[in-house]
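Here's the structure, in structure tokens; my notes come after.
The values are calculated or read from the model by the stated rules, or taken from the named source; none is laboratory data. Treat the numbers as computed from the prediction; the structure is a model and nothing was measured. Here the Cβ positions follow ideal geometry from the backbone for every residue, glycine too, while neighbour counts run over all protein chains shown. In case anyone asks, the SASA skips ligands and DNA or RNA and just uses the protein heavy atoms, side chains included. Shrake-Rupley method; radii C 1.70, N 1.55, O 1.52, S 1.80 Å.
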Amino acid sequence: MERRTQADRDAITIEIGYAVVSACFAAALAFGAVYGPALAFSLPPSVRRPLAVAGVILAAVVFLLRVTHVLLGFARRPENDGR
């Protein structure tokens with residue numbers, strides 16, 4: 001196993017940052033899509049609470065899927081030698 005160069009480490013750091021930022025954005029959009037109607041319309045609390053819970057769960061799943069997708073895609077690029 002050879003040591004990674006500074007350029008390799010920088011590329012990984014930037015890719016992780018991109019994965020986290022884009023995942024936060026996607027999760028916020030997913031949460032807004034689910035909980036948005038509760039904010040736009042005057043819904044009763046018995047409806048708002050389940051929408052909030054569903055929005056948080058969906059946002060967490062979208063976040064994890066996005067991070068995984070971006071980082072696995074980075075690892076599979078030929079210039080990364082499968083690392």
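Remarks
- The set of residues from the range 1-58 being part of a helix (DSSP H, G or I), over 25 Å from Asn80 (Cα atoms) and polar (S, T, N, Q) comprises just one member, Ser46.
- Long-range neighbours under 8 Å by Cβ, at least six apart or interchain, first residue touching a residue at least 40 places away in the same chain (Cβ under 8 Å) and closer than 12 Å to Gly36 by Cβ within the range 46-66, second hydroxyl-bearing (Ser, Thr, Tyr) and loosely packed, with under 13 Cβ neighbours inside 10 Å: none
- Of residues in the range 1-53 being among the hydroxyl-bearing types (Ser, Thr, Tyr) and open to solvent by 100 Å² or more (accessible area, probe 1.4 Å), the one modelled with the lowest pLDDT: Ser42
- Scan of the range 54-83 for residues that are acidic (Asp, Glu) and open to solvent by less than 50 Å² (accessible area, probe 1.4 Å), ordered by number: none
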